[in-house]
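Colleague: One structure follows; several queries about it will come next.
The values are calculated or read from the model by the stated rules, or taken from the named source; none is laboratory data. Worth saying up front: this structure is predicted, and the values here are computed from it rather than measured. Methodologically, a virtual Cβ is constructed for each residue, glycine included, from the backbone with ideal geometry; neighbour enumeration extends over all protein chains shown.
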Amino acid sequence: MYSFDIQRPTTIADAVAALSTDEALPLGGGQTLIPTLKQRLSAPSVLVSLGTIAEIKGVCTGDDGAVCIGGGTTHATVAREASSYPALADLAGHIGDPAVRNRGTIGGSLANNDPSACYPSAALASGATIVTNTRSIAADDYFQGMFATALNEGEIITEVRFPVPEKAAYMKFEQPASRFALVGVFVAKYADGVRVAVTGASENGVFRWTEAEAALSSNFSADAVPAAPSGDGMISDLHGSGAYRAHLVAVMTKRAVAAAR
């Protein structure tokens, strides 16, 4: 590590002001940023902690029935308090280990948009809205590739709004050491159709499997899940080939549909 300053604002306005310089980076739960600093892949002179901003923490139900989660809310809190969206609570309760769940935040995860993170699939499959200090962004517009999002410099995720589906489930095939998703699939059934989002598989990050959505919107059954998508463009590494990940996409989708409640 190296020396840097840390600021602990207590309001969104103060955090935005602190992030106005090129040398500053936001610090959520630190589960990705701190290892990055240790490896010297990033060298900010100032870290702006978002963990002291009470107004971006907590879980509530919106007037429209959506589950509203503050960007600074930890995975453990989501697992405990998002009970009106069981599939989302279950997803949060299986991220990493207890240490990660008690430090990591939903806003930090979505801002980082790791290609193997779990929350991006939940947000995309749910048609969630990512709310920042300046605007609201539909999940379909928010995710723009591996580690890439629609966020501007200094923009902070203050809340994520999840419409609650009729049925949903998340299934992931874990990488045993990291507990990241080698492939994870979130399936959500709404009155107007089914949304299926896949994480961990594609070189372009989280994506919607539209062929499965069309099939499941007509027949919400594991038997209706189409054959595995092409392995072209899938991640291929020491944990599995692109073809293997493509196979897992279909397997995890079938399991999610069967488990959906």
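Colleague: Select from region 4-17 the residues that are of a type in the set (A, V, I, L, M, F, W, C) and over 25 Å from the mean Cα position of the chain (by Cα) and list them in ascending order.
Modeller: PHE4, ILE6, ALA17, listed by residue number.
Colleague: Now a separate question. Could you please find all residues in region 131-145 being of a type in the set (D, E, K, R) and assigned to a loop (DSSP other than H, G, I, E, B)?
Modeller: ARG135
Colleague: If you go through region 103-124, how many residues are farther than 18 Å from ALA148 by Cα and out of contact with any His (no Cβ under 8 Å at 6 or more places or on another chain)?
Modeller: 1
Colleague: Over 23 Å from LEU124 (Cβ atoms), without any contact (Cβ under 8 Å) to a residue 12 or more places away in the chain and assigned by TED's automatic domain parsing to the domain that holds PRO120: does that describe ASP63?
Modeller: For ASP63, the condition - over 23 Å from LEU124 (Cβ atoms), without any contact (Cβ under 8 Å) to a residue 12 or more places away in the chain and assigned by TED's automatic domain parsing to the domain that holds PRO120 - is met.
Colleague: Within the bounds of region 203-222, is there any residue that is crowded, with 24+ Cβ neighbours inside 10 Å, under 24 Å from TYR142 (Cα atoms), basic (Lys, Arg) and modelled with pLDDT of 95 or more?
Modeller: Checking region 203-222: not a single residue is crowded, with 24+ Cβ neighbours inside 10 Å, under 24 Å from TYR142 (Cα atoms), basic (Lys, Arg) and modelled with pLDDT of 95 or more.
Colleague: Moving on to the next point. With respect to the numbered conditions (1) within 23 Å of ASP114 (Cα to Cα); (2) assigned to a loop (DSSP other than H, G, I, E, B); (3) not assigned by TED's automatic domain parsing to the domain that holds ALA99, which one is the sole condition not fulfilled by SER20?
Modeller: (1)
Colleague: Right, another one. Tally up the residues in region 146-182 that are assigned to a strand (DSSP E or B), within 14 Å of the chain's Cα centre (by Cα), surrounded by fewer than 22 Cβ atoms within 10 Å (Cβ to Cβ) and among the aromatic types (Phe, Trp, Tyr), please.
Modeller: 0
Colleague: Related question: Here's a check for you: in region 170-179, which residue that is touching a strand residue (DSSP E or B) at 6+ places or on another chain (Cβ under 6 Å) and not charged (D, E, K, R) is nearest to LEU47 (Cα to Cα)?
Modeller: Among those that are touching a strand residue (DSSP E or B) at 6+ places or on another chain (Cβ under 6 Å) and not charged (D, E, K, R), it is GLN175.
Colleague: Within region 73-103, track down each residue that is surrounded by 24 or more Cβ atoms within 10 Å (Cβ to Cβ) and of a type in the set (Gly, Ala, Ser).
Modeller: The answer is ALA82, ALA87, ALA92.
Colleague: Does PRO26 satisfy the criteria of being assigned to a strand (DSSP E or B), out of contact with any Pro (no Cβ under 8 Å at 6 or more places or on another chain) and surrounded by 16 or more Cβ atoms within 10 Å (Cβ to Cβ)?
Modeller: Spelling it out, PRO26 is indeed assigned to a strand (DSSP E or B), out of contact with any Pro (no Cβ under 8 Å at 6 or more places or on another chain) and surrounded by 16 or more Cβ atoms within 10 Å (Cβ to Cβ).
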